1. Restricting to segment 217-240, name every residue that is within 28 Å of residue 161 (Cα to Cα) and either among the β-branched types (Val, Ile, Thr) or modelled with pLDDT under 95 (or both).
2. Would you mind finding the one in 80, 101 that is farther than 30 Å from residue 40 by Cα and either among the aromatic types (Phe, Trp, Tyr) or in the same structural domain as residue 184 (by TED's automatic domain parsing) (or both)?
3. Would you confirm whether or not segment 294-304 contains a residue that is assigned to a loop (DSSP other than H, G, I, E, B) and in contact (Cβ under 8 Å) with a residue 12 or more places away in the chain?
4. If residue 209 passes every condition in (1) at pLDDT 95 or above; (2) farther than 30 Å from residue 25 by Cβ; (3) exposed (fewer than 14 other Cβ atoms within 10 Å of the Cβ) but one, which one does it miss?
5. Given the criterion out of contact with any strand residue (DSSP E or B) (no Cβ under 7 Å at 6 or more places or on another chain), within 25 Å of residue 211 (Cβ to Cβ) and of a type in the set (A, V, I, L, M), identify the matching residue among 300, 292.
6. Which residues, counting only those in segment 225-251, are touching a helix residue (DSSP H, G or I) at 6+ places or on another chain (Cβ under 8 Å), small (Gly, Ala, Ser) and buried (at least 20 other Cβ atoms within 10 Å of the Cβ)?
7. Report, ordered by the first and then the second residue, all pairs with beta carbons closer than 7 Å, sequence separation of six or more or different chains, a first member in segment 27-42 that is part of a loop (DSSP other than H, G, I, E, B), and a second member that is crowded, with 21+ Cβ neighbours inside 10 Å and among the hydroxyl-bearing types (Ser, Thr, Tyr).
8. Has segment 192-200 got any residue that is in contact (Cβ under 8 Å) with a residue 40 or more places away in the chain, in the same structural domain as residue 133 (by TED's automatic domain parsing) and under 23 Å from residue 25 (Cα atoms)?
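The values are calculated or read from the model by the stated rules, or taken from the named source; none is laboratory data. Since the structure is predicted, the reported quantities are computational estimates derived from the model, not experimental observations. Ideal geometry is used to build each Cβ from the backbone, glycine not excepted, and the neighbour counts take in all protein chains shown.
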Amino acid sequence: MLKIRLVLLPLIFLCLACKEQRRHPVQFYHWKSTPHIGNTEKRFFEELGSEKLYLRLFDVDLENGRPQPQAIIRSFDANALNAGYIPVVFITNRTISGTSARDIEKLAEDVYSLIRKIVRENRLGHPGEIQIDCDWTSTTSDRFFHFLKFLKNISGKRVSCTLRLHQVKYRKQTGIPPVEKVYLMAYATSNPQDNDGKNSILDLPLLKDYLENIREYPLDLDVALPLYSWAVVTNHLGKTKLINGVTENELQASVYTKTGEHTYLVREDTFLHGIYLNRGFVVRTEAITPELLQSARDYLDRKISRPHEWVYYHLDSLFLERFTYNDLK
């Protein structure tokens, strides 16, 4: 009996050591046009030992046929966190598609010029990385990849980009971006308008299907994971609208009648997060629970053997308060 215990003890310690080595640094996105870092955001950032905040500065979309910055971030207090700030810019795929090959370098110059202006005005330090978020496709990959290369050349910085699930599964068609690192967006697994019974924010079977061959992806990656919830509201004409941050606890029985596992019928005219709802509208809630988040992390840990960080979307008390610190470690 003693010999068995002596043999098992080293194995137990070895397993514990392996588990400890698989703990991943935790970072955050902050994705608001009017940013706010309050006490809750600061506590989670500090308690989880976070060091980087991926700060969305602006979007780029077509306006009257020309690329234009949208939703530019308003003043940000860089002293709110002891963090390294990494600028993030979201560019719509139709912007890339609608920009000629000869104008793609001008787009990169304009994007970098605005990044520099916002970084300087908000005293964000000297970021060594710029992240571009774009849902590129096989028809826009050549232009987008040239955009990334040119942005790297003119900025002298490390340029990274996001990686959506379909860009993993169909990488032969969509191509591999010319960057050192990508950020795998392990969420938005389906369209919330489909109403197919799946959690469109994160459906584990769909996630597993898209990432079956993630080990073969040739670039280093970190993993972006969701914390958010929303309500999908359908009106009398079948048109839908997303309302961010809604949870089932807010849908009082006096106003909403539960008709399914996560669906409700509006019984009387009301407001939900400032949005006016008419009687007869249908509300469907979707959320990330601590259990679902843990299941996703467990799967990703088994599939991705390389060191990586968790980057949560996003640092906002509206979502954070539904989790404990241990839920996010």
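1. Within segment 217-240, 223, 228, 229, 230 qualify.
2. Details: 80 fails: farther than 30 Å from residue 40 by Cα.
Answer to the selection: 101.
3. Of segment 294-304, the ones assigned to a loop (DSSP other than H, G, I, E, B) are 304.
Next cut, in contact (Cβ under 8 Å) with a residue 12 or more places away in the chain only: 304.
The answer is yes, given that some residue of segment 294-304 is assigned to a loop (DSSP other than H, G, I, E, B) and in contact (Cβ under 8 Å) with a residue 12 or more places away in the chain.
4. (2)
5. Numbers: 300 fails: out of contact with any strand residue (DSSP E or B) (no Cβ under 7 Å at 6 or more places or on another chain).
None of the other options fit; the residue is 292.
6. 229
7. Cβ pairs passing all conditions: 31/313.
8. The first filter runs over segment 192-200 and keeps only residues in contact (Cβ under 8 Å) with a residue 40 or more places away in the chain, leaving 192-193, 195, 199-200.
Those left that are additionally in the same structural domain as residue 133 (by TED's automatic domain parsing): 192-193, 195, 199-200.
Next cut, under 23 Å from residue 25 (Cα atoms) only: none.
No, the conditions are met nowhere in segment 192-200.
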